[in-house]
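Enquirer: The structure follows.
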Amino acid sequence: MAARAYWQGQIRLALVSIPVEIYPAVKSGASISFRQIHEPSGKPVSYEKVVQGIGPVDRDDIIRGYEVSKGNYVLLEDDEIEAAKIESKRTLELVQFVEQHEIDVLYFEKPYFVVPADELAEEAYIVLREALRQARKVGLGQLSVRGREQLVALKPCGKGLVLEVLRYADEVRRAQSYFSEIGKDKPQKELLDLASALIEQKTAPFDPVEFHDRYVDALRKLIDKKAKAKGRKILEDVEEPAPSGGSNVIDLMAALKKSVGQDKGGKPAARKGGARRKRA
């Protein structure tokens, strides 16, 4: 396996221990990063550590501090912070099992693939996978990595298991403070039926290959053009939405009817099966 293991240890369920290795399930996407450049010289801009009223300072004179009040800091040495770290235990103990739908989507942070460490671990690994699948449950535990404890959920995924790092309760904002002003009125049945029809027309199996970052695509195209233009300025034409005449008041009923009609008479909005395009 080419990737480097994020964690190696064992999953423990009561008296059963399963040696496993955990690998990142995601990688950095197609985002494009820029450097700040000094235009007259064409050289990258570097950054110095500067203290207001003093100027540049040596890295050896810098320690970490936590602001307890405006302008007042508790200073912490590296060895003090290191001493507070949790011992990196090599055991993930499954302490609770819950229905997957009980965990709000806001708590999920990052997925990892969990694989058996060797052939001897495979039997117990498969038993755990199938038991979770049959019960339709996910296992919860805390994983100690690099001095920190992460709340994690373990669930079946195809032939394997996926571990998802979860956010702690104090890391998630409460939705009520954002949604409290939204009215409780029920929508008109006809409006609801039209919206449901539009959703049904646009329903198709999820295929992530069908989606890509158009902004990144445009940037790559621009960078290629700029490189060939040898520094000449290039401004891409951006399509602006056509100005709408008349009132800004939206007739929701008319808009929904028009949307449903367009989807019925025009090009299908999404495929519902059938032949898929060949992938490179």
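The values are calculated or read from the model by the stated rules, or taken from the named source; none is laboratory data. Keep in mind that this is a model prediction, so the values were computed, not measured. FYI the Cβ positions are ideal-geometry reconstructions off the backbone, even for glycines, and counts take in every protein chain you see.
Enquirer: Is there a residue in the range 98-112 that is under 15 Å from PRO156 (Cβ atoms) and of a type in the set (Lys, Arg)?
Expert: Among the residues of the range 98-112, not one is under 15 Å from PRO156 (Cβ atoms) and of a type in the set (Lys, Arg), which makes the answer no.
Enquirer: Looking for something hydrophobic (A, V, I, L, M, F, W, C) and over 23 Å from the mean Cα position of the chain (by Cα) - is there at least one such residue anywhere in the range 143-163?
Expert: no
Enquirer: I'm trying to understand the selection: among the residues of the range 195-227, which are outside any helix (DSSP H, G or I) and in contact (Cβ under 8 Å) with a residue 12 or more places away in the chain?
Expert: Within the range 195-227, LYS202, THR203, ALA204, PRO205, ASP207, HIS212, ASP213 qualify.
Enquirer: Quick one: in the range 155-178, which of the residues that are in contact with a helix residue (DSSP H, G or I) (Cβ under 7 Å, 6 or more places away or on another chain) and among the aliphatic types (A, V, I, L, M) is surrounded by the fewest Cβ atoms within 10 Å (Cβ to Cβ)?
Expert: VAL172
Enquirer: What is the number of the single condition among (1) within 30 Å of ASP170 (Cα to Cα); (2) out of contact with any Ser or Thr (no Cβ under 9 Å at 6 or more places or on another chain); (3) touching a residue at least 40 places away in the same chain (Cβ under 8 Å) that ALA135 does not meet?
Expert: (3)
Enquirer: I'd like to check something: does the range 41-50 contain any residue that is assigned to a loop (DSSP other than H, G, I, E, B), in contact (Cβ under 8 Å) with a residue 12 or more places away in the chain and of a type outside the set (Val, Ile, Thr)?
Expert: Scanning the range 41-50, I find at least one residue that is assigned to a loop (DSSP other than H, G, I, E, B), in contact (Cβ under 8 Å) with a residue 12 or more places away in the chain and of a type outside the set (Val, Ile, Thr), so the answer is yes.
Enquirer: Here's a follow-up. Determine if the range 181-188 includes at least one residue that is of a type outside the set (A, V, I, L, M), under 27 Å from the mean Cα position of the chain (by Cα), under 27 Å from ILE103 (Cα atoms) and assigned to a loop (DSSP other than H, G, I, E, B).
Expert: No: the range 181-188 contains no residue that is of a type outside the set (A, V, I, L, M), under 27 Å from the mean Cα position of the chain (by Cα), under 27 Å from ILE103 (Cα atoms) and assigned to a loop (DSSP other than H, G, I, E, B).
Enquirer: Kindly provide the set of residues from the range 204-233 that are surrounded by fewer than 11 Cβ atoms within 10 Å (Cβ to Cβ) and in contact with a Lys or Arg (Cβ under 7 Å, 6 or more places away or on another chain), ordered by number.
Expert: If the condition is that a residue be surrounded by fewer than 11 Cβ atoms within 10 Å (Cβ to Cβ) and in contact with a Lys or Arg (Cβ under 7 Å, 6 or more places away or on another chain), then VAL209 is the only one that fits.
Enquirer: Here's another thing I want to ask about it. What strands (runs of 3 or more DSSP E) lie completely within the range 75-158 and have 3 or more residues being under 25 Å from LYS27 (Cβ atoms) and touching a strand residue (DSSP E or B) at 6+ places or on another chain (Cβ under 8 Å)?
Expert: Details: elements: 91-93, 96-99, 108-116, 137-145, 148-157.
In the range 75-158, 108-116, 137-145, 148-157 are the strands (runs of 3 or more DSSP E) which contain 3 or more residues that are under 25 Å from LYS27 (Cβ atoms) and touching a strand residue (DSSP E or B) at 6+ places or on another chain (Cβ under 8 Å).
Enquirer: Could you list all residues from the range 16-40 that are polar (S, T, N, Q) and in a loop (DSSP other than H, G, I, E, B)?
Expert: Those that are polar (S, T, N, Q) and in a loop (DSSP other than H, G, I, E, B): SER28, SER31, SER33, GLN36.
Enquirer: Taking only pairs six or more apart or across chains, which ones have beta-carbon atoms under 7 Å, a first residue in the range 162-186 that is closer than 26 Å to ILE11 by Cβ, and a second residue that is among the small types (Gly, Ala, Ser)?
Expert: Within 7 Å, the pairs are VAL162/ALA25; GLU164/ALA153; LEU166/ALA153.
Enquirer: Pairs only if they're at least six apart or on different chains, beta carbon under 9 angstrom, first in the range 54-70 and on the phi > 0 side of the Ramachandran plot, second assigned to a loop (DSSP other than H, G, I, E, B) and of a type in the set (Asp, Glu); list them, first residue then second.
Expert: Note: pairs meeting the criteria are GLY55/GLU48.
Enquirer: Look through the range 44-84, keep the residues that are surrounded by 10 or more Cβ atoms within 10 Å (Cβ to Cβ) and of a type in the set (Lys, Arg), and return whichever of them is nearest to VAL216 (Cα to Cα).
Expert: LYS49
Enquirer: Also: Looking at the range 234-269 only, could you name the residues that are within 30 Å of ASP193 (Cα to Cα), at pLDDT below 60 and exposed (fewer than 11 other Cβ atoms within 10 Å of the Cβ)?
Expert: Matches in the range 234-269: PRO241, ALA242, PRO243, SER244, GLY245, GLY246, SER247, ASN248, VAL249, GLY265, GLY266, LYS267.
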